[in-house]
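Step one of this worksheet: look at the structure below.
The values are calculated or read from the model by the stated rules, or taken from the named source; none is laboratory data. Being a predicted model, the structure only gives us computed values, none of them experimental. Methodologically, a virtual Cβ is constructed for each residue, glycine included, from the backbone with ideal geometry; neighbour enumeration extends over all protein chains shown.
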């Protein structure tokens, strides 16, 4: 039987929202996390950058390798660049998709405003659910925060928000929530497709994305039957 590529999905919080992420003590914590994840021995590192910026991403990565730039306050550079560098990778891989026509953006903006007006009870319940989710993410070291962002129960609770509330946003003929979810599923399916296209038989692929992607990306990777899905607990505990 042919061996399958192995994939490790690491869900993260977005570093730009943490004010002290560039402070020396946080940098030390990030380095410790990077060393742990490097034990997976990935052969490719995929990050949350749109595919059309792959060349620019790698130009930035080369500057990082040469010491011409310090990593910015984002997880792509703080984690993706560090891990790839420490393992001797010559390149890094953009696999995201974010295309949305301006007309669709306008529709979504207007649609969610209408939800607040026309479905206030549902809208308020959804905000309460989101607040409960937010409280599940405990503050602490970078390692501790990443642990909570990769907790299977929390990831399922996060995904349930979309189905329990977002899918019910809107009314005939403007089912705005279903319209948004169609885009969300499409985005994650394309991310999965981009990852799958990169994979060769012996690859070990590290995928670094915002943790809200965890549930669907793992589902698509698992259900494809094309990969072995590694659980991140092995490297965080």
- Query: So is residue 41 surrounded by fewer than 17 Cβ atoms within 10 Å (Cβ to Cβ), assigned to a helix (DSSP H, G or I) and under 20 Å from the mean Cα position of the chain (by Cα) or not?
  - Reply: no
- Message: So, in the range 11-37, how many residues would count as being surrounded by fewer than 20 Cβ atoms within 10 Å (Cβ to Cβ), in contact (Cβ under 8 Å) with a residue 24 or more places away in the chain and within 15 Å of residue 211 (Cα to Cα)?
- Response: 3
- Being more than 26 Å from residue 227 (Cα to Cα), in contact with a helix residue (DSSP H, G or I) (Cβ under 9 Å, 6 or more places away or on another chain), in a helix (DSSP H, G or I) and not assigned by TED's automatic domain parsing to the domain that holds residue 148 narrows it down to one of 26, 36, so name that one. 26
- Query: Just a yes or no: is a residue in the range 98-116 surrounded by 15 or more Cβ atoms within 10 Å (Cβ to Cβ) and modelled with pLDDT of 95 or more?
  - Reply: no
- Does the range 93-103 contain any residue that is more than 22 Å from residue 217 (Cα to Cα) and part of a loop (DSSP other than H, G, I, E, B)? yes
- Selected residue [at negative phi, assigned to a helix (DSSP H, G or I) and touching a residue at least 24 places away in the same chain (Cβ under 8 Å)] from 107, 8, 65: 107
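Looking at 149, 213 in this structure, which one is touching a strand residue (DSSP E or B) at 6+ places or on another chain (Cβ under 9 Å) and closer than 22 Å to residue 92 by Cα?
Of 149, 213, the one residue that is touching a strand residue (DSSP E or B) at 6+ places or on another chain (Cβ under 9 Å) and closer than 22 Å to residue 92 by Cα is 213.
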